[in-house]
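One structure, as structure tokens, below. Some questions next.
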Amino acid sequence: MWLPASKQLQRWFNQRHRVLTCKAVCVQQLCISSSQFTEPCYDGLYPGHIPTTPIQKALLAVGSGVAALQNPYRHDMVAVLGETTGHLALINLRDRMRNDPEGYTILIERPRIRLSTLDLSKMSSLPDGSFGREYFRFLEDNHVTPDSRADVKFVDNEELAYVIQRYREVHDLLHTLLGMPTNMLGEVAVKWFEAAQTGLPMCTLGAVLGPLRLNASRLQTLFTTLGPWALQNGRRARCVLSIFYERRWEQSLEDLRQELNIEPPPIMPSASKKRST
Amino acid sequence: MAVSMRLLVRRLIRLSHRNVAVSRAAVLSRSHCHWEPLFCRSFSDDRNTHFGFETVSEEDKAKRVYKVFENVAQKYDIMNDAMSLGIHRLWKDMLLHAMHPQPGAQLLDVAGGTGDIAFRFLDYVRTQQEQKRRREARSMQLQSWQEISNSYPTIDEGGRQESRAVVCDINKEMLKVGKEKADGKGISAGLSWVVGDAEELPFDDDQFDIYTIAFGIRNVTRIDQALQEALRVLKPGGRFMCLEFSKVTNPVLARIYDAYSFQLIPVLGEVIAGDWKSYQYLVESIRRFPDQEEFKYMIEDAGFYCVQYFNLTGGVVALHSGFKL
């Protein structure tokens, strides 16, 4: 009795796997002749895409969650967790972007925030208080670079893959907008904001588990001032992914905050590099 | 016969895919992907081989396999334990048990990378020597004074050759990891590490008593060449032993194994080693390797005698053995 059922199940797995590999193989067949070692063509729907079955996605979600909890410095695991659990939230985000005229432009033009696309020298010459100057200052003070984001691998829709890539690239800009440094407290505050804004399960998980690594005084700061501010602003702010930041470097930071409906931060946690426990 | 039918069917499917792809290509106009020579290629005798389920040229395969093992070298042993739930240790122990090396044997472990077989070999041989010495010591206690004094010259005769293990691998990263393991275990005597290609070994003829290749031969581009090299470097009477993933005979186990391979192993690769594609290659390359009987014929074709195979874990792994006579 269970044997025919398991046969059906196996047949369904094989079919799904075959469909996915067929899709990939069809794209591959166009590209096989490249005898150079660096492949200009790629598998799947976008560069770096790896087609996966629902079971694989579930296993990946569980595995990456465990790995990220064990070792929070494994950013690739956090990224995989976000991709495998965020399908509904990504659809929601994309629809919000589509309904916003600027967001719609972003979805069409697909800008990327990378060192190669940013003109850092021009940004550093902008006046103080402008968004570009403050972003440049943030990059310098915290010794970060916009190129450190992992590529998207497990999202099976090309537009949603762009949305999550944009979310990752906008994360640093959010730090600037919210005025939060990259220490643990700043990261948790930004995660709370993102969780309220995007609804991505990975953000919610990070928001819930992040505070566990804070000491008592920082926890107090989080729960009394920073936390409620982040949540409130996350809920009422305009969709942060719908802003074409690349065209707004000259705009004043205060202006931008007002446009997005974000209050300035109540306190500025110091930009120390120590990871507090 | 069944194999050639399968190949034919696969080629027909590939051709039909290509027909669809060709019409699509005309619309897509990918200038950097030349599909016209591709169409002719299937009828020319340009050397193509498989890389997992992909078709690549032979030079490409070697480069891509190198890259795969370069990426996975650091986490190779952890991944082996995770993927096989530790059973790979039992498989390697069975290989040693079947090998039953005697003290003084010279081993060449090809694609030996992190040194698992070589370490086990040295352990085995040393344990045997210990046991022999203990046996001799025990037997001496019952002898008369005359007999003991007669046996003095024969103890520690030193003329006997020490057993030696040479680990040969094409990939320097894997050898590096192996050397670090050896240093950690404190093993240095009787062990050497050589960079070399299984298709073109850097050794003279008739050098080794035992040639092993564990889970490496499916990554070799020209398996027949590797087998001929194995024949060349073995002494007459030497033994060729190969551990490799093979076809599962039991149909129920086969389905479970397939589901496990394709669903779980790449996920483990992504989570533990951060590399999905290398482990996808691993499970695909297992499916592309010939089955037990076909591989046995290939070994016989290379010139080995008394070729036999043993299935381990229901055919998940097969141990092939042959002699150079």
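What follows draws every value from the coordinates through simple rules; no lab data is involved. Note that this is a predicted model, so its numbers are computed, not measured. Cβ: placed from backbone, ideal geometry, glycine included. Neighbour counts: every protein chain shown.
Using a/c under 1.5 as the rounded threshold, could you call segment B:66-210 rounded, prolate or oblate? The axes a ≥ b ≥ c are square roots of the C-alpha gyration tensor eigenvalues, and prolate needs a/b larger than b/c, oblate otherwise. Working shown, then result.
Values: a/c = 2.94, a/b = 2.02, b/c = 1.46.
The shape class here is prolate.
Based on other C-beta atoms within 10 Å, arrange B:Phe119, A:Phe193 from fewest to most. Before the final figure, lay out each step's value.
Values: B:Phe119 21, A:Phe193 28.
With the fewest neighbours first, B:Phe119, A:Phe193 line up as B:Phe119, A:Phe193.
What lysines does B:Lys296 reach when the alpha-carbon gap must be under 16 Å and sequence neighbours fewer than 8 apart in one chain are set aside?
List returned: B:Lys247, B:Lys324.
Oh, and also: With viscosity set to 1.567 mPa s at 4 °C, what whole-number translational diffusion coefficient in µm²/s follows for segment A:59-184 from Stokes-Einstein and a Kirkwood radius over Cα pairs? Walk me through the numbers before you get to the answer.
Working: Rh = 16.1 Å.
Result for D is 80 µm²/s.
Another question about this same structure. Take A:Ile55, project a point 7 Å from its Cα along the Cβ direction, then tell me which residues of segment B:265-302 have their backbone nitrogen under 14 Å from it.
B:265-268
For B:Lys179 and A:Leu212, FRET efficiency with R0 = 60 Å and r from the beta-carbon atoms, rounded to 0.05?
Values: r = 41 Å, r/R0 = 0.68.
The value I calculate is 0.90.
In addition: Could you work out the mean projected area of the convex hull around the alpha carbons of segment A:186-277, in square nanometres to one decimal? The partial results should precede the final answer.
Working: hull surface 25.8 nm².
Across all orientations, segment A:186-277 yields a mean hull projection of 6.4 nm².
Please report B:Tyr66, A:Tyr135 as a ranked list, fewest other C-beta atoms within 10 angstrom at the top and most at the bottom.
Numbers: B:Tyr66 15, A:Tyr135 24.
Result, fewest neighbours first: B:Tyr66, A:Tyr135.
Before anything else, pin down the relative contact order of segment B:116-217: Cα pairs under 8 Å, at least 6 apart, normalised by residue count, whole percent. Don't jump to the answer; show the numbers that get you there.
Working: 49 pairs, mean separation 30.3, N = 102.
Relative contact order comes out at 30 percent.
Using the Cβ atoms and a cut-off under 14 Å, what net charge is assigned to the surroundings of A:Glu134, where Lys and Arg are +1 and Asp and Glu are -1? Write down the numbers at each step before the final one.
Details: positive: A:Arg133, A:Arg137, A:Arg248, A:Arg257; negative: A:Asp128, A:Glu140, A:Asp141, A:Asp172, A:Glu250, A:Glu254, A:Asp255.
Cβ neighbours under 14 Å give a net charge of -3.
I would also like to ask the following. I need B:Asp205, B:Asp301 ordered by Cβ neighbour count within 10 Å, fewest first.
On the way: B:Asp205 9, B:Asp301 12.
So the residues, fewest neighbours to most, are B:Asp205, B:Asp301.
Lys and Arg at +1, Asp and Glu at -1: add these up for the other residues within a Cβ distance under 10 Å of A:Val188 and post the number. Could you put the intermediate results ahead of the total?
Working: positive: A:Lys191, A:Arg213, A:Arg218; negative: A:Glu187.
Neighbour charge sum, excluding A:Val188 itself: +2.
Ok, one more. Given a Förster radius of 56 Å and the C-beta distance between A:Gln258 and B:Ile78 as r, what FRET efficiency does 1/(1 + (r/R0)^6) yield to the nearest 0.05?
On the way: r = 52 Å, r/R0 = 0.93.
Computed FRET efficiency for A:Gln258 and B:Ile78: 0.60.
Too long at a 21 Å Cα-Cα cut-off: which of B:Lys181/B:Lys235; B:Lys63/B:Lys179; B:Lys63/B:Lys277; B:Lys185/B:Lys277? Walk me through the intermediate numbers first.
On the way: B:Lys181/B:Lys235 29 Å; B:Lys63/B:Lys179 23 Å; B:Lys63/B:Lys277 15 Å; B:Lys185/B:Lys277 32 Å.
The pairs that break the limit, which is 21 Å between Cα atoms, are B:Lys181/B:Lys235; B:Lys63/B:Lys179; B:Lys185/B:Lys277.
Follow-up. Roughly how many whole Å is it from the C-alpha centroid of segment A:233-269 to that of segment B:194-211?
When both Cα centres are located, 66 Å separates them.
Once each part is reduced to its C-alpha centroid, what is the distance from segment A:189-217 to segment B:272-305 in angstrom?
46
Also, I was wondering about something else. When Lys and Arg each count +1 and Asp and Glu each count -1, what net charge do the other residues less than 14 Å away from B:Phe304, Cβ to Cβ, add up to?
Every neighbour counted, the sum reads +1.
Further, regarding this structure: Apply 1/(1 + (r/R0)^6) to the Cβ-Cβ distance of B:Tyr260 and A:Arg74, taking R0 = 35 Å, and write down the FRET efficiency to the nearest 0.05. All intermediate terms of the calculation are to be shown ahead of the outcome.
Details: r = 25 Å, r/R0 = 0.70.
So the FRET efficiency works out to roughly 0.90.
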